[in-house]
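Taking it in order: structure first as structure tokens, then the write-up.
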Amino acid sequence: MKKLIDLNADAGESFGRWRLGDDARLMPLVSSVNVACGWHAGDPATMRRSAGLAKSHGTALGAHPGFPDLVGFGRRALAMTPQQAADACLYQLGALRSFADSFGIALTHVKPHGAFYGLTIREPEVTDAIAEVVTAVDPELILVLLAGPTAEKVAARGVRVAREAFADLDYDDDGHIIIEPDPVAKSPEHCAEKAMAILAGEVVSTSGKTLPVDADTICLHGDRPNAIEIAQAVRQRFSAADVTVAPMAEVIANRP
């Protein structure tokens, strides 16, 4: 079982006067945070607050670019060419990077959001274009991709990749995550058990099929109604098993 893992969370997803998630309580419980960049959620003030929270808690800050779909929260599929996807990613990470610069902290990673993330699973050309533009901005930036063949192929080309698994989402028999349009509360204990299984190298599909997984980082969703309780349960299980939670850069550096 792995003893070193990154725990990341999607956050910064409020918009204007509308508040989503409890980022101030969530960030101390994770080692990396993926902040919305204004297309699927977020706005300049929320991005500024998120960068400030990440700095105050010592949480690694990453961009979470998504589809231009505020109404659907970026979880509705849209068509994009590889170049369009690369441009969308570059535009959004550039916005968050400016806020990071203003706080004197680094932007450490980029993780596509929702249906945009799904595009990287289904369309290798899109993933390649995103990887190219992220590396062009900064070769030290980490691209977060679903653990599996696509992530391995991108990493083999020298791109810094964090292989991701999910403690609060289900998997289908192909090893793909099932994206929920409207997240509901889930059992913290069940999510913690899934996180421990990921450390042991496996996930179980909705049909009961056991699938191998090699993850550097485990994701939790900040917009889930009981995200704090889930994160606390996961951390408690990790602590009991002497598992160290560290930013994904440290985890990648210590891969066997």
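The values are calculated or read from the model by the stated rules, or taken from the named source; none is laboratory data. Because the structure is predicted, anything quoted here is derived from the model rather than measured. We place every Cβ from the backbone using ideal geometry, glycine too, and count neighbours over all the protein chains shown. The accessibility values were calculated without ligands, DNA or RNA, using every heavy atom of the protein model including side chains. Shrake-Rupley method; radii C 1.70, N 1.55, O 1.52, S 1.80 Å.
When you go through LEU143, LEU211 one by one, which is the residue that is in contact with a Lys or Arg (Cβ under 8 Å, 6 or more places away or on another chain) and either within 23 Å of ARG122 (Cβ to Cβ) or among the hydroxyl-bearing types (Ser, Thr, Tyr) (or both)? Lay out the reasoning, then the answer.
On the way: LEU211 fails: in contact with a Lys or Arg (Cβ under 8 Å, 6 or more places away or on another chain).
Sole residue among the options that is in contact with a Lys or Arg (Cβ under 8 Å, 6 or more places away or on another chain) and either within 23 Å of ARG122 (Cβ to Cβ) or among the hydroxyl-bearing types (Ser, Thr, Tyr) (or both): LEU143.
Just to be sure, is VAL134 in a loop (DSSP other than H, G, I, E, B) and of a type in the set (Val, Ile, Thr)?
Numbers: in a loop (DSSP other than H, G, I, E, B): no; of a type in the set (Val, Ile, Thr): yes.
In short, no.
Keeping to the stretch 232-256, report how many residues are within 16 Å of the chain's Cα centre (by Cα) and at pLDDT below 95.
0
Does ALA88 count as open to solvent by less than 40 Å² (accessible area, probe 1.4 Å), modelled with pLDDT of 95 or more and under 19 Å from the mean Cα position of the chain (by Cα)?
When the stated conditions are applied, ALA88 passes them.
Say we look at the stretch 149-165 and pick out the residues that are under 30 Å from GLN232 (Cα atoms) and either of a type outside the set (A, V, I, L, M) or out of contact with any strand residue (DSSP E or B) (no Cβ under 6 Å at 6 or more places or on another chain) (or both); which of these is most open to solvent (accessible area, probe 1.4 Å)? Before the answer, list the steps.
As a first pass, look at the stretch 149-165 and keep what is under 30 Å from GLN232 (Cα atoms): 151, 160-165.
Okay, now just the ones that are also either of a type outside the set (A, V, I, L, M) or out of contact with any strand residue (DSSP E or B) (no Cβ under 6 Å at 6 or more places or on another chain) (or both), so 160, 163-164.
Working: ARG160: 64, ARG163: 22, GLU164: 1 Å².
Per the stated criteria, the residue is ARG160.
Which residue out of ALA155, ALA151 is modelled with pLDDT of 95 or more, out of contact with any helix residue (DSSP H, G or I) (no Cβ under 7 Å at 6 or more places or on another chain), closer than 20 Å to ASP10 by Cα and not in a strand (DSSP E or B)? Reasoning before the result, please.
Numbers: ALA155 fails: closer than 20 Å to ASP10 by Cα.
Every option except ALA151 fails the conditions.
Of all residues in the stretch 15-60, which are small (Gly, Ala, Ser), open to solvent by 10 Å² or more (accessible area, probe 1.4 Å), in a loop (DSSP other than H, G, I, E, B) and without any contact (Cβ under 8 Å) to a residue 40 or more places away in the chain?
GLY16, GLY58
Among what's in the stretch 137-148 and is assigned to a strand (DSSP E or B) and either in contact (Cβ under 8 Å) with a residue 40 or more places away in the chain or out of contact with any strand residue (DSSP E or B) (no Cβ under 8 Å at 6 or more places or on another chain) (or both), pick the residue that is farthest from ASN8 (Cα to Cα).
This residue is ILE142.
Given the residues ASP168, ASP223, which is the only one that is open to solvent by less than 30 Å² (accessible area, probe 1.4 Å), touching a Gly at 6+ places or on another chain (Cβ under 7 Å) and within 28 Å of GLY42 (Cα to Cα)?
ASP223
Within the stretch 173-220, track down each residue that is open to solvent by 60 Å² or more (accessible area, probe 1.4 Å), closer than 18 Å to LEU7 by Cβ and of a type outside the set (D, E, K, R).
HIS190, ALA200
Please verify whether the stretch 117-126 includes one or more residues that are aromatic (Phe, Trp, Tyr) and assigned to a helix (DSSP H, G or I).
Yes, the stretch 117-126 contains a residue that is aromatic (Phe, Trp, Tyr) and assigned to a helix (DSSP H, G or I).
Hey, among the residues in the stretch 61-81 that are within 22 Å of LEU141 (Cβ to Cβ), part of a loop (DSSP other than H, G, I, E, B) and among the hydrophobic types (A, V, I, L, M, F, W, C), which one's farthest from the chain's Cα centre (by Cα)?
The extreme case among them is MET80.
Among the candidates GLU189, GLU229, GLU193, GLU202, single out the residue that is modelled with pLDDT of 95 or more, over 19 Å from HIS64 (Cβ atoms) and touching a Ser or Thr at 6+ places or on another chain (Cβ under 8 Å).
So the residue among GLU189, GLU229, GLU193, GLU202 that is modelled with pLDDT of 95 or more, over 19 Å from HIS64 (Cβ atoms) and touching a Ser or Thr at 6+ places or on another chain (Cβ under 8 Å) is GLU202.
Select from the stretch 91-115 the residues that are more than 14 Å from ASN34 (Cα to Cα) and touching a Gly at 6+ places or on another chain (Cβ under 7 Å) and write down the one among them that is surrounded by the fewest Cβ atoms within 10 Å (Cβ to Cβ).
PHE103
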